[in-house]
Each structure stands twice: as structure tokens, then as C-alpha cells.
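Read-outs throughout are calculated quantities, based only on the coordinates presented, and are distinct from any laboratory measurement. Bear in mind that the values here come from a model prediction, so they are computed numbers and not experimental data. No Cβ is skipped: glycine too gets one built from the backbone with ideal geometry, and neighbour counts run over all protein chains shown.
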Amino acid sequence: MSRIIVDTCCGPCALTALRIFAPPQHEAHYLFYNPNVHPFREYRRRLESFEELMGLERQPYTVLPYEPEEWIRAVAFREESRCELCYRLRLRKAADVALDEGYEALTTTLFASPYQDHELVALLGNSICRSRGLEFVIWDGRDGYYDAIASARERGLYTQPYCGCLLSERERYDRARHGAAKDE
């Protein structure tokens, strides 16, 4: 059985990971660290949804403090690379937790979303984990994304309309103005 930290962006994406990283093959511990989410009210809604799901599924989890300053410092004046910097920030923090808590492996629910750059997440995750002596587990949950969203809604869990950061929220409204908005 592998002991794995699952970096978790939200409840809906965690639904897919719960299926993939279930016992007896895995002993998963879910980590919620999302300094990119803006505004704070949005962060709270996502956190509450995540905690509700973890309670319903009786899964162990940790919530790290909300530190939007960390995300702002990481992306300031590098907005065009914000996703890469955000992935790196979150995966480094998750890898540090995995090491501190004695876990062998790390993965992320970013792999559940068709809106994330899976190749970049894999590249960064492998590099970060290799430097810390951890295994980075790559998986593809995109085919179950819309089913997970539907399941989350059936359970009454909050499903967010954008990735999370201030800039992705602005892009959501720009797309809506041009008739192409979608749930992320």
C-alpha cells in the first residue's frame, strides 16, 4: 500500500481522486492549499465544499493556512506564467508536507481537470518530487470530469465557475462577454 499526499484543488476534482486513490492500494491523505483562490469568499466556499466531502467520505485531510500573499509574490510581474508558478508553489508546499509527514508519494487533483496543463503539471511534479526523494504519481482523470461535476452537484457540493485566481476570474467574464463561458 502506498502512502500518498493528494494535493486537492476542490471537492469536485477530489471526487475523481477518491475513486483512483482508494484503499487497499493507497493510503491517501488529502491536502488543501490554495493560495491562488480569489476572492476570500470564493476560497471559503471551496474549502467548505472540500471539508464537507472529506467528512462524508471519512477521508483524512489537512488544510494549510490561506496565504494569498504567497501566490501574489510568485506571480507578480510574471502574469503570463501564472499557471506554471501556481502549480510550482502548490506542488512544492505539498511535497514539503509529504516529506514532513513521512509519505512516499505525491499527486494532485489538477489531473482531474481538462482545463489544466497536464504536461506542465507532470513536468513540475516530477522535478519537485525527484529533488525530495518522493514519487510523483501521474494520472488522467479528464474523462470523468463532467461526471464528477454532476456528482458534486447531486451531493449539493459547491462547483466553482473558474480556476481560482483573480486573472482566471477576469478571463471567465471576458469569455462570457464573448459567449464562450464554461464551468471550470
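Some observations on this one:
- Scanning region 112-125 for residues that are touching a residue at least 40 places away in the same chain (Cβ under 8 Å) and farther than 14 Å from residue 163 by Cβ yields one hit, 124.
- Verdict on residue 66 being touching a Pro at 6+ places or on another chain (Cβ under 7 Å) and in a loop (DSSP other than H, G, I, E, B): yes
Here's the yes/no breakdown for (1) exposed (fewer than 12 other Cβ atoms within 10 Å of the Cβ); (2) among the aliphatic types (A, V, I, L, M):
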| site | (1), (2) |
| --- | --- |
| 62 | no, no |
| 66 | no, no |
| 78 | yes, no |
| 82 | no, no |
| 88 | no, no |
| 91 | no, yes |
| 96 | no, no |
| 99 | no, yes |
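- Within region 132-147, restricting attention to residues that are surrounded by 14 or more Cβ atoms within 10 Å (Cβ to Cβ) and aromatic (Phe, Trp, Tyr), the residue that is farthest from residue 106 (Cα to Cα) is 145.
- Against the test of being in a loop (DSSP other than H, G, I, E, B), surrounded by fewer than 18 Cβ atoms within 10 Å (Cβ to Cβ) and at positive phi, the options 156, 164 yield a single qualifying residue, 156.
- In region 51-62 there is at least one residue that is over 12 Å from residue 108 (Cβ atoms), out of contact with any Gly (no Cβ under 6 Å at 6 or more places or on another chain), part of a loop (DSSP other than H, G, I, E, B) and basic (Lys, Arg).
- Qualifying positions in region 132-146 - assigned to a loop (DSSP other than H, G, I, E, B) and in contact with a helix residue (DSSP H, G or I) (Cβ under 7 Å, 6 or more places away or on another chain): 134, 138, 139, 140, 141
- Pairing residues of region 32-49 that are closer than 18 Å to residue 88 by Cβ with residues that are in a helix (DSSP H, G or I) and among the polar types (S, T, N, Q), at Cβ distances under 7 Å and at least 6 apart in sequence or on separate chains, gives no pairs at all.
- Scanning region 25-47 for residues that are of a type outside the set (A, V, I, L, M, F, W, C) and touching a helix residue (DSSP H, G or I) at 6+ places or on another chain (Cβ under 9 Å) yields 26, 29, 30, 33, 34, 35, 36, 38, 39, 42, 43, 46.
- Every residue from region 116-131 that is surrounded by 15 or more Cβ atoms within 10 Å (Cβ to Cβ) and outside any helix (DSSP H, G or I): 116
- Which numbered condition residue 81 fails, given (1) touching a helix residue (DSSP H, G or I) at 6+ places or on another chain (Cβ under 8 Å); (2) part of a helix (DSSP H, G or I); (3) in contact (Cβ under 8 Å) with a residue 12 or more places away in the chain; (4) farther than 14 Å from residue 12 by Cβ: (3)
- Top-ranked residue in region 1-46 [being acidic (Asp, Glu) and in a strand (DSSP E or B); ranked as nearest to residue 110 (Cα to Cα)]: 7
- Selected residue (only one of 73, 45 is surrounded by fewer than 13 Cβ atoms within 10 Å (Cβ to Cβ) and of a type outside the set (A, V, I, L, M)): 73
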